[in-house]
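Read the structure below first, then the notes.
The values are calculated or read from the model by the stated rules, or taken from the named source; none is laboratory data. Bear in mind that the values here come from a model prediction, so they are computed numbers and not experimental data. Virtual Cβ from ideal backbone geometry, glycine too; neighbours counted across all protein chains shown.
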Amino acid sequence: MSGASESATVTPEVRMAHEISRQFASEPPEQAAQTIAAHLRRFWAPSMIVAFLTEAGAGADLDPVVSRVAELLR
């Protein structure tokens, strides 16, 4: 996920998930995904999680950690 043109089509939830994942870039991928999924469950409104999972299921361009987060939230 990169480039200014993509930012116009990326939903806020997908953008935020990627921003959060960057904070955990030094962690092992599975540990990062588990931590991010727990964070989203705790702090995101259910509607935000639904919007994120809808975009993930529709083929949004997700990095591997964010894709794993979506799997964990399903």
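Residues that are at pLDDT 95 or above and among the basic types (Lys, Arg): list the helices (runs of 4 or more DSSP H) wholly contained in region 1-54 that include at least 2 such residues.
The qualifying helices (runs of 4 or more DSSP H) are 12-22, 29-43.
Determine the pairs where a residue that is without any contact (Cβ under 8 Å) to a residue 24 or more places away in the chain, located within region 15-29, has a partner that is part of a helix (DSSP H, G or I) and among the hydrophobic types (A, V, I, L, M, F, W, C) with Cβ atoms under 6 Å apart, the partner being 6 or more residues away or on another chain.
Between residues of region 15-29 that are without any contact (Cβ under 8 Å) to a residue 24 or more places away in the chain and residues that are part of a helix (DSSP H, G or I) and among the hydrophobic types (A, V, I, L, M, F, W, C), the close pairs are Ile20/Ile36.
Of all residues in region 30-52, which are of a type in the set (Gly, Ala, Ser), closer than 13 Å to Ile20 by Cβ and surrounded by fewer than 18 Cβ atoms within 10 Å (Cβ to Cβ)?
Step one: list which residues in region 30-52 are of a type in the set (Gly, Ala, Ser), which gives 32-33, 37-38, 45, 47, 51.
Then drop every residue that is not closer than 13 Å to Ile20 by Cβ, which leaves 32-33, 37-38.
Ala38, the sole residue that qualifies.
For region 53-74, what are the residues that are of a type in the set (Asp, Glu) and loosely packed, with under 14 Cβ neighbours inside 10 Å?
Once the filter is applied, which keeps residues that are of a type in the set (Asp, Glu) and loosely packed, with under 14 Cβ neighbours inside 10 Å, region 53-74 yields only Glu71.
Might you check whether a residue that is over 11 Å from the mean Cα position of the chain (by Cα), among the polar types (S, T, N, Q) and within 13 Å of Val66 (Cα to Cα) occurs anywhere in region 32-41?
Yes, because at least one residue in region 32-41 is over 11 Å from the mean Cα position of the chain (by Cα), among the polar types (S, T, N, Q) and within 13 Å of Val66 (Cα to Cα).
Applying the selection to region 55-70, what residues are part of a loop (DSSP other than H, G, I, E, B) and without any contact (Cβ under 8 Å) to a residue 60 or more places away in the chain?
The answer is Ala58, Gly59, Ala60.
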